[in-house]
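First comes the structure, then the notes that go with it.
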Amino acid sequence: LARSTQWTGYIDEVLAEHNLPPELAVLPHVESSFNPDAYSSVGAAGIWQFTRSTGRRYMHIDYVVDERMDPFAATVAAAQLLEHNHQLTGSWPLALTAYNHGASGVRRATRQVGTSDIDQIVRQYKGRAFGFASRNFYVSFLAASQVSAHPERYFAPYNSAAAVQYERITLPEYLPVDAFSRAFNIDLAVLKQHNRALLEPVWMGKKHIPKGYTLLVPSATVN
């Protein structure tokens, strides 16, 4: 299971800050297998698979910056969305199903079936949009949780990757990315790898890094 990514520790910290169950940290495996470049056929993006419409409620998304692609910004957004879903639905099985199906869709299902029991909803609800993915989303989460809790049952021994430590540099003005690269003597490819929210117009030199944007620079590259 891909919970051994460099973002695992950060995900755990954010969930704790929001007083959310630590088990939710496996949700990106269900959504994207922790692939930061994941992009679905319906336009959901990043490890947490936000659509543009939902993402804009919590993140900066335009033609220069798309924070859905930044695992750190998207993790904070996901915690906020999960917290919101739980407040609306009243249970974690429903809140997780709402992550895939939408809170309004889940509330409609509870009204039509006449219960908030996820087992009964999965078995009885016949909503047109409640397809295979939504119907099996909570079960997929439970499976991922089981594997994450007992990886030795399913995988050969492995070593988790160490988390990357960053220097965070907030720009006081608009700046071309190549100027930043030269100033800090860091390769553009390395910058791009660790600053996934900046889109191609920035890396191609057609747009500047926005004023106030915080760049992540691996500490190991800073002299």
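The values are calculated or read from the model by the stated rules, or taken from the named source; none is laboratory data. Owing to the predicted nature of the structure, the values given are computational and were not obtained by experimental measurement. Glycine gets a Cβ as well: all are built from the backbone with ideal geometry, and neighbour counts include every protein chain shown. Side chains are part of the model used for accessible areas, which takes the heavy atoms of the whole protein and leaves out ligands, DNA and RNA. Shrake-Rupley method; radii C 1.70, N 1.55, O 1.52, S 1.80 Å.
Things to note:
- Close amide-amide hydrogen proximity is noted between Glu167 and Val217, Ser219, each under 5 Å apart and 5 or more residues distant or on a separate chain (H modeled in the peptide plane; Pro and chain starts excluded).
- Inter-label distance for Arg52 and Gln6, nm, one decimal - labels placed 7 Å from Cα along Cα-to-Cβ: 2.9 nm
- Taking the protein heavy atoms of the chain in the context of the full set of protein chains, the accessible area attributed to carbon and sulfur is 51 percent at 1.4 Å.
- Normalised by the number of residues in region 42-166, the average gap of Cα pairs under 8 Å and 6 or more apart makes the relative contact order 13 percent.
- Our note on the geometry: Cα centres of region 84-144 and region 151-223, 37 Å apart.
- Average Cα contact separation per residue, the chain, under 8 Å, 6 or more apart, as relative contact order %: 20 percent
- Calculated [222 nm] ellipticity per residue, helices only, for the chain: -13000 deg cm²/dmol; basis is -39500 (n - 2.57) per DSSP H run with n ≥ 4, divided by all residues, nearest 500.
- Share of pairwise Cα separations in the chain, more than 21 Å, in percent: 60 percent
- Computed with every protein chain present, the accessible area of Val106 is close to 10 Å² [probe 1.4 Å].
- Heavy-atom accessible surface of His60, to the nearest 10 Å², is about 80 Å², with a 1.4 Å probe and all protein chains retained.
- Under 15 Å, Cβ to Cβ, from Arg111 - net charge with Lys/Arg +1 and Asp/Glu -1: +2
- Residue-normalised accessible area of the chain, expressed per residue, 1.4 Å probe, Å²: 53 Å²
- Farthest toward the positive end of the dipole of region 64-112, out of Trp92, Ala73, Gly105, is the Cα of Gly105, where the dipole comes from beta carbon charges about the Cα centre.
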